[in-house]
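**Student:** Below is a structure I'd like to ask you about.
Where a number appears in this text, it was derived from the coordinates with a stated rule and is not lab data. Everything numeric in this text was worked out from a predicted model, so none of it was measured. Here the Cβ is made from the backbone with ideal geometry for all residues, glycine too, and neighbour counts use every protein chain on show.
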Amino acid sequence: MKIKSADIVISAVKPEQYPDDFLPEFALAGRSNVGKSSFINKVLNRKNLARTSSKPGKTQTLNFYLINEEFYFVDVPGYGYARVSKTERAAWGRMIETYLTSREQLKAVVLIIDLRHPPTADDVMMYQFLKHYDIPCIIINTKADKIPKSKWQKHLKITRETLELDPSDTIVLFSADTGYGKDKAWAVMNSYMKDSSEEEAENTEEAEH
């Protein structure tokens, strides 16, 4: 995908602050410090659009990035960071749950997991949450460049088995350093946008009749 424009337009904590233009949205989820910001910057060909931080737990809002005036990336707070207070974690949890379960424009959640390690208990919990609410999920197994290519399939198998991955969900091997997997990630996201536009066209046609 050719990126003509990419800007953060709002940081929201409640539904009345979400954009109201009904464009498709992709939420980006993952544990703190897993590389969400690096993923955003790499796929959008920007160096510092999403701020990478050595301090986990820094994202505390839903950050809406408008891409090409056509769709949004929504960066949600990272989970599983112990040094954030329980009260804060509970508040973030409610904020994320409200967004994920009530947002009609949400087309899929991009769940970012470090390929080098088995998915954590928090990763499994997030995946099960998405399955419970029937929310489509794209798994990005990042940091692929940190593992020899000969071991990729072994690590992918661990991810699939630990999550008990639904066959309808896609895993994309990805590296923010080399850009490996970027085109495949866009192809998968585009398929959700295409499905969405076809569905809208069908609904419009039905309404006209």
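**Student:** For a quick protection proxy, order the peptides 108-116, 162-170, 1-9 by their average other-Cβ count within 10 Å, most packed first.
**Tutor:** 108-116, 162-170, 1-9
**Student:** Order of Glu25, Glu16 from fewest to most other C-beta atoms within 10 Å?
**Tutor:** So the residues, fewest neighbours to most, are Glu16, Glu25.
**Student:** Please report the antiparallel percentage of the DSSP beta bridges confined to the chain, to the nearest 5.
**Tutor:** 35 percent
**Student:** Something else about it: For P(r) over Cα pairs in 10 Å bins from 0, in percent, one of (i) 8, 35, 39, 15, 3, 0; (ii) 8, 32, 30, 19, 9, 2; (iii) 8, 33, 34, 18, 5, 1 was computed from the structure I shared and the rest are decoys. Which label?
**Tutor:** (i)
**Student:** How far, in nm, would the chain grow between Tyr133 and Ala187 when pulled straight, counting 0.36 nm per residue and subtracting the alpha carbon separation?
**Tutor:** Stretched fully, the Tyr133-Ala187 segment lengthens by 17.0 nm.
**Student:** Let me ask something else about it. Under 21 Å Cα-Cα from Lys151, which lysines qualify once same-chain neighbours fewer than 8 residues away are excluded?
**Tutor:** Partners within reach: Lys143, Lys182, Lys184.
**Student:** Please check: in the Gaussian network model of the chain (C-alpha springs, under 10 Å), which one of Asn41, Asn190, Asn63 has the largest mean-square fluctuation.
**Tutor:** Between Asn41, Asn190, Asn63, it is Asn190 that shows the largest mean-square fluctuation.
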